[in-house]
Amino acid sequence: MKNILIMHTGGWIGDMVLLTPALRALKNKFSDCRMTMLLRPLVYELMNRNPYLDEIITYDKHASQSMNTIIKQLKSKAFDMAIILHPNSVSSSIIAYFAHIPERIGLKLTGNSFFLTTKVNRKQNIHEVQRYLDIISSVAGTNLSDKLEFWGIRQEDEDFAKSIISSNGKIAGINISTTWQTKRWKIEKFAYLTEILYNQLDIKSILTGGKSDVSIGQKIMEIASNSGEYIINQTGRTTLWELGAIIKHCDYYITCDSGPMHISSGLETPTIALFGPTDPIHHRPYGEGNIVIKKDIECSPCYKRECKKGILCMESINVDDVIDALCLLMR
């Protein structure tokens, strides 16, 4: 039985969704393997329900947990193979090497060649889903299924979503959450969007976001006229699985580049994605039936979390752009 370690210690929720086709392909190739994943504590809850993993090991490289400690832990597991899915991590290859894992596969980076047994050249202008599949191609083959999925939604999560969302009429999920300030869209535009959706298209809105977005959700409710008639505010009120169930039951999902955007793709909910500082070639909502809105701004994509130019890439996206995209999806 193959004992495989998957390593991605820098991934957020969206990354975990995007790499799951690679996990599925490995499990299909090595049907009797034991597959363990080394990841950051932030995504433990999500990946603990992933159907392709047998064990989770957390490693917080920014905390007190030392590299020597994790090396000893991995060494005791006697892994046959390490697959490093993190696209920029040299330290992961070093950890795998000193954990005495015989086969070590990852992207070729400056400084990591000595520590890898299989070095994968980085391809340009491909989506992250394809990048992860490319990394495993030497052991799992090519022409692999790239279909996204979102796992772990249980009946109680479905029941929660159904109690929130009425079956009467269309509803658009609006995700106001993103980890970067430079990816955010203006609160006033979100509020105006909900008004237009209801008044012109007879579509109600449900706001989604984390606990840190509660004040933004409240401001949208205050700005939008008679918001209680057509907005359901769920910011900071859902678990990850309840969020997934809500997205699943939405007719459309409107979002900035974020983890929930990728969850929506995994659930095949038609998604409109607003892009600014990041590149949709690599990070767009994957699959058919989605629309990306991105303006041609000279400095974008910059991948900066702070901007001294007024975040022109996001500021230039107007409510009418979103409405036009939604009308295309409604055809």
- Query: Does VAL214 satisfy the criteria of being under 26 Å from LEU19 (Cα atoms) and in a helix (DSSP H, G or I)?
  - Reply: no
- Task: For the range 140-153, name all the residues that are surrounded by 13 or more Cβ atoms within 10 Å (Cβ to Cβ) and either assigned to a loop (DSSP other than H, G, I, E, B) or modelled with pLDDT under 95 (or both).
- Result: LEU144, ASP146, LYS147, LEU148, GLU149, PHE150, TRP151, GLY152, ILE153
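Per-residue answers, yes or no, for (1) buried (at least 19 other Cβ atoms within 10 Å of the Cβ); (2) over 24 Å from LEU312 (Cβ atoms); (3) without any contact (Cβ under 8 Å) to a residue 24 or more places away in the chain:
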position: GLY228; (1), (2), (3): no, yes, yes
position: LYS248; (1), (2), (3): yes, yes, no
position: GLY259; (1), (2), (3): yes, yes, no
position: SER264; (1), (2), (3): yes, yes, no
position: THR269; (1), (2), (3): yes, yes, no
position: GLY276; (1), (2), (3): yes, no, no
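Inside the range 174-192, can you point out the residues that are assigned to a helix (DSSP H, G or I), among the hydrophobic types (A, V, I, L, M, F, W, C) and either over 24 Å from the mean Cα position of the chain (by Cα) or farther than 25 Å from LEU329 by Cβ (or both)?
ALA191 - this is the single residue of the range 174-192 that is assigned to a helix (DSSP H, G or I), among the hydrophobic types (A, V, I, L, M, F, W, C) and either over 24 Å from the mean Cα position of the chain (by Cα) or farther than 25 Å from LEU329 by Cβ (or both).
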- Number of positions in the range 81-91 that are surrounded by 14 or more Cβ atoms within 10 Å (Cβ to Cβ) and outside any strand (DSSP E or B): 6
- Can you tell me which residue among ALA63, ALA96, ALA78 is surrounded by 14 or more Cβ atoms within 10 Å (Cβ to Cβ) and of a type in the set (Gly, Ala, Ser)? ALA96
- Mind checking which pairs have a first residue in the range 161-180 that is at positive phi and a second that is hydrophobic (A, V, I, L, M, F, W, C), Cβ under 8 Å, 6 or more apart or different chains? GLY169/ILE203
- Message: Yes or no: the range 41-52 includes at least one residue that is more than 25 Å from LYS147 (Cβ to Cβ), assigned to a strand (DSSP E or B) and either touching a Gly at 6+ places or on another chain (Cβ under 7 Å) or not small (Gly, Ala, Ser) (or both).
- Response: no
- Among the numbered conditions (1) part of a strand (DSSP E or B); (2) closer than 15 Å to MET35 by Cα, tell me where LYS119 comes up short. (2)
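How many of the residues making up the range 33-47 are basic (Lys, Arg) and within 16 Å of ALA22 (Cβ to Cβ)?
0
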- When ARG40 is evaluated against the numbered criteria (1) touching a strand residue (DSSP E or B) at 6+ places or on another chain (Cβ under 9 Å); (2) more than 15 Å from ILE83 (Cα to Cα); (3) in contact (Cβ under 8 Å) with a residue 40 or more places away in the chain, which criterion, by number, is the only one it fails? (3)
- Message: Just checking, does the range 155-165 include any residue being part of a helix (DSSP H, G or I), over 30 Å from LYS309 (Cβ atoms), touching a strand residue (DSSP E or B) at 6+ places or on another chain (Cβ under 7 Å) and among the polar types (S, T, N, Q)?
- Response: no
- Note on the structure: The correct count of residues that are of a type in the set (Gly, Ala, Ser) and either touching a strand residue (DSSP E or B) at 6+ places or on another chain (Cβ under 7 Å) or not assigned by TED's automatic domain parsing to the domain that holds LEU201 (or both) in the range 285-331 is 1
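The values are calculated or read from the model by the stated rules, or taken from the named source; none is laboratory data. Everything quoted here is computed from the prediction, not taken from an experiment. Quick reminder, even Gly has a Cβ in these numbers, built from the backbone with ideal geometry, and neighbours come from all protein chains shown.
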